[in-house]
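What follows is calculated from the coordinates using simple rules that are stated; it is not laboratory data. Since we're looking at a predicted model, the values are computed, not measured. For neighbour counting, all protein chains shown are included, and Cβ atoms are generated from backbone atoms with ideal geometry for every residue, glycine included.
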Amino acid sequence: MNPTKNGYFGQFGGRFVPETLVKALDELTAVYTRELKNKAFNSKLAYYHKHFIGRTTPLYYAENLTKHLKGPKIYLKREDVCHTGSHKINNTIGQVLLAKEIGKTRIIAETGAGQHGVATATAAALFSMKCEVYMGEEDVARQAMNVERMKLLGATVVPVKSGTKTLKDAINEAMRDWVTNVENTFYVIGSVIGPHPYPLMVRTFQSIIGKEAKKQIMQAEGKLPDYLVACVGGGSNSMGLFAPFYNDKKVKMVGVEAGGLGVNTNKHSASITGGSVGILHGTKTYLLQDKYGQVLPTHSISAGLDYPGVGPEHSFYNDSKRAEYKAVNDKEALNAFHLLSEIEGIIPALEPAHAIAYLIKNARAFKKNDVIVVCLSGRGDKDLDIVNNQL
């Protein structure tokens, strides 16, 4: 699915920004469109994929989890083994390369769990650019290890003390910075959110996940998977897996949102499952809002899913029934975190633990001969303090 010229996926997407940013977004759209057709740019990107990020990442048959659930055959797309520990580096390398093409000298980013911040700081260090990362004060506290990693990489971490002090507020501050310093600054957005062309651009850079998985599952099983399952906050890892399978109508897709303390409470981050259509951070999409359109506070045990909106392409997938979106709660995600660690020897981040939790919860709903590919979007080192605090 490609968006319209104005960046709409059906009714979702678009560009709702101050006039100051229109020129920068037009410039970015032009450069992104041009470079995507440029053999030299693509060769450079492929070089860093292989020699810096460590791609191709494995598609691992989770035999123990499969046996434990007594159900479908489960494969894990191992984005946790990427350099920096998650899929986020796929996108930041691409965007910072574009920033250099445009001639920008300063990189800014937002981060929740810190993985996008670390990946942006890494790309900025690699290409010798200044970097500032905005991070909610609450996330600074619960993701202290990633804060130290960003500083080691030469980035300045700016704690955001306004609002809920989480990802939403970090994005607000990053956007304010960008409006003020648009001439020399490139904003590296970490998910398939924001104004056009960001949702399309981030999806393009993350589609390497699904492209690899498609080839790998054909080699392993001789057929396409029956299901794709991935966690959804803003939704970059899931869209990276889903998009290359969009036209394969027999492949079902399930996005798993953060149900927090329950979608029937006001302590969750399930924007599609529990939200409604509105405008957030420059795009029209599903979000958590009150009857006056004010953005509601969110909650998730996972900092990376603690966001009140979702990428507009996910909203389109939902309304067109191309994918379905379900929520699992904090407790279920925590149990999945422990289970995968103990029976597969893989410590997942709390974000993809939500996807594993969905499988555990719904194992009996699948056929025994179903083949499922799950995006294991990141590793769980960063979450050990959070998990230990739950004990």
Would you kindly give the portion of the calculated P(r) for the chain that falls above 39 Å, as a percent of all Cα pairs?
9
I'd like the orientation of helix 88-102 relative to the chain: the angle between its Cα long axis and the longest Cα principal axis, in ° from 0 to 90, rounded to 10.
20
Let's see if you can work this out: charge +1 on each Lys and Arg Cβ, -1 on each Asp and Glu Cβ, no other charges. What is the dipole magnitude of region 212-288 about its Cα centre, in debye to the nearest 20?
140
Quotient of Cα Rg and 2.2 N^0.38 Å for region 54-96, N being how many residues it contains
1.49
Using alpha-carbon coordinates, inclination of helix 350-362 to the longest axis of the chain, degrees
30
At what distance in nm do the modelled label points of Ser162 and Phe127 sit from each other, each positioned 7 Å from its Cα along Cα→Cβ?
2.8
Relative to 2.2 N^0.38 Å, what does the C-alpha radius of gyration of region 309-391 come to as a ratio? Two decimals please.
1.21
In a Gaussian network model of the chain with springs linking alpha carbons closer than 10 Å, the residue among Leu339, Leu167, Leu288 that fluctuates most is Leu339
Estimated FRET transfer efficiency when R0 is 41 angstrom, pair Lys267-Lys37 (beta carbons, to 0.05):
0.35
FRET efficiency for Lys291 and Lys23, Cβ-Cβ distance as r, R0 = 41 Å, nearest 0.05?
0.70
Under a GNM of the chain (C-alpha, springs under 10 Å), which listed residue has the highest mean-square fluctuation: Gln216, Gln294, Gln11?
Gln294
At R0 = 56 Å the Cβ-Cβ FRET efficiency linking Asn181 and Glu342, nearest 0.05, sits at 0.75
Translational D (Stokes-Einstein, µm²/s) of region 233-276 at 10 °C and 1.306 mPa s when Rh comes from the Kirkwood sum over C-alpha pairs?
134
Principal axis box of region 251-297, alpha-carbon based, largest edge first, Å
36, 25, 14
Mind jotting down the three principal axis lengths of region 77-236 based on Cα atoms? Whole angstrom, largest first.
52, 35, 29
Percent antiparallel among DSSP beta bridges confined to the chain, rounded to 5, stands at 30
Which ³J(HN,Hα) values in Hz, rounded to whole numbers, follow from the phi angles of region 4-17 under the Karplus curve 6.51 cos²θ - 1.76 cosθ + 1.60, where θ = phi - 60° and Gly and Pro get x?
5, 4, 8, x, 9, 9, x, 8, 9, x, x, 8, 10, 9
Rg to Rh ratio, region 20-133, alpha-carbon atoms and Kirkwood radius?
1.09
Whole-Hz couplings from phi, Karplus 6.51/-1.76/1.60, listed for region 66-71; x for Gly and Pro:
4, 5, 4, 7, 6, x
In cubic angstrom, how much convex hull volume per residue do the alpha carbon atoms of region 190-243 span?
65
Can you tell me the Rg and Dmax of region 5-78, counting just the alpha carbons, in angstroms?
20.4, 56
I'd like the orientation of helix 39-48 relative to the chain: the angle between its Cα long axis and the longest Cα principal axis, in ° from 0 to 90, rounded to 10.
60
For the chain, with +1 on Lys and Arg beta carbons and -1 on Asp and Glu, the positive-most of Ala363, Ala213, Val118 along the dipole:
Ala213
The correct pair for region 175-334, radius of gyration to one decimal and Dmax as a whole number, both in Å and from Cα atoms, is 16.3, 53
Computed for the chain: size of charge dipole around the Cα centre, +1 on C-beta of each Lys and Arg, -1 on C-beta of each Asp and Glu, debye to nearest 20, value 1220
Using modelled backbone amide H atoms (1.01 Å from N, in-plane), which distant-in-sequence or interchain residues come within less than 5 Å of Val160's amide H?
Met135, Gly136, Glu137
In a Gaussian network model of the chain with springs linking alpha carbons closer than 10 Å, the residue among Val160, Val192, Val133 that fluctuates most is Val160
Treating the Cα atoms of region 239-391 as identical point scatterers in vacuum, please give the log10 of the normalised Debye intensity I(q)/I(0) at q = 0.10, 0.11, 0.15 Å⁻¹, two decimals.
-0.36, -0.44, -0.81
Zero-based 5 Å bins, Cα pair distances in region 285-344, whole percents
4, 14, 18, 19, 20, 14, 7, 3, 1, 0
Taking 7 Å along the Cα-to-C-beta vector as the label spot, tell me the Lys67-Glu324 distance in nanometres, rounded to one decimal.
3.0
